[in-house]
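Scroll down for the structure; my scribbles are underneath it.
The values are calculated or read from the model by the stated rules, or taken from the named source; none is laboratory data. Everything numeric in this text was worked out from a predicted model, so none of it was measured. All Cβ positions, glycine included, derive from the backbone under ideal geometry; neighbour counts span all protein chains shown. These area figures cover heavy atoms from the full protein model, side chains too; ligands, DNA and RNA do not enter into them. Shrake-Rupley method; radii C 1.70, N 1.55, O 1.52, S 1.80 Å.
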Amino acid sequence: MWVFVVLILVSLESRWSEGCLEQERFALLQLKPFFNSLHYLDNWVEGDLNSDCCQWDWRVECNDTTGGVISLYLSGTRGLDSEMGEWYLNASLFSPFQQLQTLYLIRNGIAGCVENEGFDKLSTLSNLEALYLSGNSFNSSILSSLNTLSSLKNLSLSYNKLNGIVDIQGNLYF
Ligand SMILES: *[C@@H]1O[C@H](CO)[C@@H](O)[C@H](O)[C@H]1NC(C)=O
Ligand SMILES: *[C@@H]1O[C@H](CO)[C@@H](O)[C@H](O)[C@H]1NC(C)=O
Ligand SMILES: *[C@@H]1O[C@H](CO)[C@@H](O)[C@H](O)[C@H]1NC(C)=O
Ligand SMILES: *[C@@H]1O[C@H](CO)[C@@H](O)[C@H](O)[C@H]1NC(C)=O
């Protein structure tokens, strides 16, 4: 009887640990305090029975084969700047997600990036295809850092504080 219980526990353990990469779980927990003002991410908690971060929330989507995070849906999780105040994002917080394809950061009151921690820090993410940044307070200075994201195909920047001429190749949604 106990042998079976142990066997079941061992097999569950190995399945769970396959589900989510440890360094990405750590990175999600580092992101959490910045995007959890509305408590939408309260399920992001580490625990023996909760170590598969791919199952934490629909906002975290992983590749079934590799267990790497491929999409993060973090839109509107912080509340609007009118309620929460503007803040500056540390884009390096996303650099551990090496398989990331899609990043949603719409409507989070982001005024820009922390100095030397802009989106150019994500140029090593060779699968990053879509970046949704509408409804924040980014100004035109964001554009030079976005130019370094060579795999980017979709970019949304509507409802920000951009002005002047924008020169970017690809699908740009204003
Ligand atoms: C998951 O990863 C495998 C191996 O790298 C890749 O072939 C596959 O296309 C990926 N699937 C998705 C949905 O990204
Ligand atoms: C930005 O995040 C990275 C990765 O977590 C960290 O190493 C770095 O110290 C942070 N930078 C600032 C200015 O907080
Ligand atoms: C644009 O935003 C950056 C922070 O990302 C800030 O340092 C700069 O002063 C802003 N420029 C203008 C013209 O508002
Ligand atoms: C990019 O935009 C196209 C057209 O709207 C859409 O079909 C595609 O799914 C988007 N790609 C990603 C990775 O979001």
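In what sequence, largest accessible area first, do Leu143, Leu105 appear using a 1.4 Å probe? It would help to have the intermediate numbers written out before the result.
Numbers: Leu143 20, Leu105 0 Å².
Result of the area sort, largest leading: Leu143, Leu105.
With contacts taken as Cα pairs under 8 Å at a separation of at least 6 residues, segment 19-162 carries a relative contact order of 19 percent.
Within the accessible area of segment 28-127, the carbon and sulfur atoms contribute 45%, probe 1.4 Å, all protein chains present.
Kindly provide the chymotrypsin sites (Phe, Trp or Tyr not before Pro) of segment 55-129 that DSSP labels as loop, not H, G, I, E or B, and whose Cβ sees at most 15 other Cβ atoms within 10 Å.
Working: sites: Trp56, Trp58, Tyr73, Trp87, Tyr88, Phe94, Phe97, Tyr104, Phe119; in loops: Trp56, Trp58, Phe97.
Taking segment 55-129 and a limit of 15 other Cβ atoms within 10 Å, the loop chymotrypsin sites (Phe, Trp or Tyr not before Pro) found are Trp58.
In the complete set of protein chains, residue-level accessible area for Val114 is approximately 60 Å², probe 1.4 angstrom. Note on Val114 and Thr66: the extension gain reaches 14.2 nm, defined as 0.36 nm multiplied by sequence separation minus the Cα-Cα distance. GluC sites (Glu not before Pro), restricted to segment 109-146: which are DSSP loop and have at most 14 other Cβ atoms within 10 Å? Here the sparse-neighbourhood loop sites are Glu115.
Computed from label points 7 Å out along Cα-Cβ, the spacing between Ser140 and Lys153 is 3.0 nm. Accessible area of Thr66 (1.4 Å probe, protein heavy atoms only, ligands and nucleic acids ignored): about 60 Å². Ligands, DNA and RNA excluded, the heavy atoms of Lys153 present near 120 Å² of accessible surface to a 1.4 Å solvent probe. Taking a ≥ b ≥ c as the square roots of the eigenvalues of the Cα gyration tensor of segment 19-162, is the shape rounded (a/c under 1.5), prolate (a/b larger than b/c) or oblate? Note, shape of segment 19-162 comes out oblate.
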